Each structure stands twice: as C-alpha cells, then as structure tokens.
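Asks: The structure that follows is given in the form of structure tokens.
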Amino acid sequence: MPQIIDGKAISQMIKDECRERVAVLSADGKVPCLAVILVGNDPASTVYVGNKKKACEYIGIKSLSYELPETTTEEELLALIRKLNEDEEVNGILVQLPLPAGINEDTVIKTISPAKDVDGFHPENVGKLCIGQPGFVSCTPAGIIELLKRSNIEIEGKECVIIGRSNIVGKPMSLLMLRENATVTVCHSRTKNLKEVAKRADILIVAIGKPRMITAEYVKEGAVVIDVGIHRLEGKKLCGDVDYDDVAPHTSAITPVPGGVGPMTIAMLMNNCVEGFEKR
Ligand code: NAD
C-alpha cells in the first residue's frame, strides 16, 4: 500500500503555523495585509479569490479586495498596482491570472514590487531562485517541497523527473528540486521517449494539464508520484494528470486529487504573505 500524501492535513498545519506567527507579530496592533486584484468575472478566478480571502481571514491577514470590471485597461490596472506598491500598509499584492485579453500579463507581473510579489512570478524573484538567493517562490512548487519534506520523503541524491515546463510550475519546480540536491530532468511536449525518461524517476512530478495521461507505464516500481494537474470531469468529479487507480499500486507514495497538491498552493501563499510582513 502506498503512502497517501495528505495535502489537506499538511496545508492545515502550515496555515496554523502562519496563524501563530501572525498572532506573535501583530502584538503591536499591526497586521499583515494582502491586496487581491481580480479583473473581470471569470467564475474559476472568482472562486480562487474567494478562497484566498477566506484563508487570510483564518490566519489573521487583512485582505484588501479590488474587483475591477472586464473593461479595465492595462494602464488603469498598472496605476492601481503602483499605488499599492507605495502603500506601506500593504505587504503583498496578488493579481489573479488569467487577465482579460488586451492586458499584458508580463507587464503586470513586472510592475508589482518584487518585495510584495507573494506569487513569486516577478523576474527578479525567479532570478533569485535561479541563483540560490532568498526571495518569494511560486506557491505550487514551494508547496510540493513542503509536501515531500513533511511526509519524510528524501530528496537529496534522488532522480527527479518533472513533466511540464511552465513558468509557474515546471520551471520553478526544477530549480527547487536542484536546490534540494536532487538530480533533475525536465520533460515537455517535445520530449522523445517520455515513458522511458519518466520511468527513471525516484520522484515523478507531473504538471501537464492532460487528465489522467500518466498511467503505470510511465512509473518505476516504488516511485513517489506528485500530481499537480486538476480537472473537473463530467459529473463534477475531480481528477489529476495521473491515472490514480492505475498508478497508485506501483508507487511508494502518491498525492491524491483532490486533497494533494491543490490545498498547498493557498497555504504557501499565506506563508509568503506572513514572510513579507516579517521582512518588512
Ligand atoms: P501549462 O499548460 O502552462 O504547461 C503544461 C506543460 O506540460 C507544458 O510545459 C507542456 O510542454 C507540457 N506538456 C503538454 N502536453 C504534454 C505531453 N503530451 N507530454 C509531455 N509534456 C506535455 O500548465 P501548468 O500551468 O503548468 O499546469 C499544469 C496542470 O497543473 C494543469 O492541470 C493545472 O490546472 C494544474 N495546476 C494546479 C495547481 C494547483 O494548485 N494544484 C497550480 C497550477 C497548475
């Protein structure tokens, strides 16, 4: 039987730790403050933003909410970000992605002050991760490191294969696993012999965006499998990029969907907000 990595329990632990840190830090009456900007009314984004605000409330982080209409121009959004960059009360700025057509995401990300970039998407923070300096790290990959460490899974010296090279998951994940002294291979849509390469992995991290694509044929006996994917199937059931029922019996540890990587993203966002306040 594989170890089922419990993201729900681990994320709760991290949120409780954040709550304690905030209680200590805010003894002088000052509290961390996160500004959350949502442009338009994409239903999934509205749910994500709602969950982030709820988590802030639980931890004791003040959240400022900016819900802007779909018709907002890039210049209007940039002006708001610049104002929040200057606001001393605000420690973190989060712009919910994706943005409506006509607004350049790269420009928006670059305009957020790196010191308030709690999503870890600013090129300065990505660069710091690359050269091993402290800075904000993208929440989903940072959450995966916590899942592994808190489940007592050794990373150092292990063969790690990451499938997916996106800027928010695959690439930062590879840098974090390198920082933890794994031997890292990154695969993508042009990788040849994906099954053979994936089968080398002691730790296989999957962030492809294709429901249940990874079957047992991709997995070495006894590997640890981390599934980042999240898809809603007909009938509302959720599944990941990994075919869980097929793969799980061949693993030593695996994350389920839901309840694996998903809850870690918000927990690490909260962690970044508290860190931003501590560094203030
Ligand atoms: P993305 O679409 O930006 O990137 C997908 C990557 O997979 C690309 O690098 C591409 O080269 C690779 N890929 C696509 N098809 C492939 C194939 N057939 N073989 C090998 N590689 C292939 O996606 P993303 O933003 O990295 O997200 C990946 C998945 O993770 C999605 O399902 C997304 O919903 C989910 N996700 C979950 C969380 C969370 O909090 N749990 C956070 C971010 C993303």
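The values are calculated or read from the model by the stated rules, or taken from the named source; none is laboratory data. Computed from a prediction, not measured in an experiment: that's the story for all the values here. Cβ sites come from the backbone with ideal geometry, for glycine too, and all protein chains shown count toward neighbours. Quick note on the areas: whole protein, heavy atoms, side chains included, nothing else; ligands and nucleic acids left out. Shrake-Rupley method; radii C 1.70, N 1.55, O 1.52, S 1.80 Å.
Asks: Provide the per residue accessible area, probe 1.4 Å, for region 54-132, rounded to a whole number of square angstrom.
Replies: Normalised by residue count, the accessible surface of region 54-132 is 51 Å².
Asks: Taking only protein heavy atoms and a 1.4 Å probe, what accessible area per residue, in Å², does region 145-280 have with all protein chains in place?
Replies: Using a 1.4 Å probe on heavy atoms only, each residue of region 145-280 averages 47 Å².
Asks: Highest mean first, how do 221-234, 100-113 rank when packing is the count of other Cβ atoms within 10 Å averaged over residues?
Replies: The densest-packed peptide leads the list: 221-234, 100-113.
Asks: Once phi is turned into θ = phi - 60°, what whole-Hz ³J(HN,Hα) does the Karplus curve with 6.51, -1.76 and 1.60 give for every residue of region 69-80, x standing for Gly and Pro?
Replies: x, 3, 7, 4, 8, 4, 4, 4, 5, 5, 5, 5
Asks: Considering only protein heavy atoms and a 1.4 Å probe, what is the carbon-and-sulfur percentage of the accessible area of region 219-267?
Replies: Answer for region 219-267 is 55 percent, counting heavy atoms of protein chains only.
Asks: Now for a different question. Provide the per-residue ³J(HN,Hα) series for region 122-139, in order, calculated from phi with Karplus coefficients 6.51, -1.76, 1.60 and θ = phi - 60°, each as a whole number of Hz, with x at glycine and proline positions.
Replies: Each residue's phi maps through the Karplus curve to give 5, x, 5, 5, 5, x, 4, 4, 5, 9, x, 9, x, x, 6, 10, 3, 5 Hz.
Asks: Let me ask something else about it. In nm, to one decimal, how far is the E156 label point from the E70 one, both placed 7 Å along Cα→Cβ?
Replies: Each label point is offset 7 Å from its Cα along the Cβ direction, giving 5.4 nm.
Asks: Shape call for region 1-110 from the C-alpha gyration tensor, a ≥ b ≥ c root eigenvalues: rounded (a/c under 1.5), prolate (a/b greater than b/c) or oblate? All intermediate terms of the calculation are to be shown ahead of the outcome.
Replies: Details: a/c = 2.59, a/b = 1.36, b/c = 1.91.
Oblate, because a/c is 1.5 or more while a/b does not exceed b/c.
Asks: Output the 0 to 90 degree angle, nearest 10, between the alpha-carbon long axis of helix 262-279 and the longest principal axis computed from the alpha carbons of the chain.
Replies: Helix 262-279 and the main axis of the chain meet at about 40 degrees.
Asks: Which whole-number percent of Cα pairs in the chain have a distance greater than 34 Å? List each step's numbers first, then the result.
Replies: Details: 7901 of 39060 pairs.
Considering the chain, 20 percent of its Cα-Cα pairs are separated by more than 34 Å.
Asks: In the neighborhood of D87, defined by Cβ-to-Cβ distances under 14 Å, what is the net charge if each Lys or Arg adds +1 and each Asp or Glu adds -1?
Replies: +3
Asks: Using the alpha-carbon atoms, what tilt in degrees (0 to 90, nearest 10) does helix 170-179 show relative to the longest principal axis of the chain?
Replies: So the inclination is approximately 80 degrees.
Asks: Could you tell me which of the pairs K30/K149; K52/K279; K54/K236; K62/K171; K83/K210; K110/K236 are separated by over 29 angstrom between their Cα atoms in the structure shown?
Replies: Working: K30/K149 32 Å; K52/K279 21 Å; K54/K236 23 Å; K62/K171 31 Å; K83/K210 39 Å; K110/K236 36 Å.
The answer is K30/K149; K62/K171; K83/K210; K110/K236.
Asks: If you roll a 1.4 angstrom probe over the protein chains with everything in place, what fraction of the accessible area of region 63-154 belongs to carbon and sulfur, to the nearest %? It would help to have the intermediate numbers written out before the result.
Replies: On the way: 2220 of 4380 Å².
Its accessible area is 51 percent carbon and sulfur atoms.
Asks: Now, a different point. I'd like the Karplus ³J(HN,Hα) series for region 151-158: coefficients 6.51, -1.76, 1.60, θ = phi - 60°, whole numbers in Hz, and an x wherever there's a Gly or Pro.
Replies: Whole-Hz 3J(HN,Hα) from phi for region 151-158: 9, 6, 9, 6, 10, 3, x, 7.
Asks: Taking only Cα atoms, what is the 0 to 90° angle, nearest 10, from helix 43-59's long axis to the longest principal axis of the chain?
Replies: Compared with the principal axis, the helix lies near 80 degrees.
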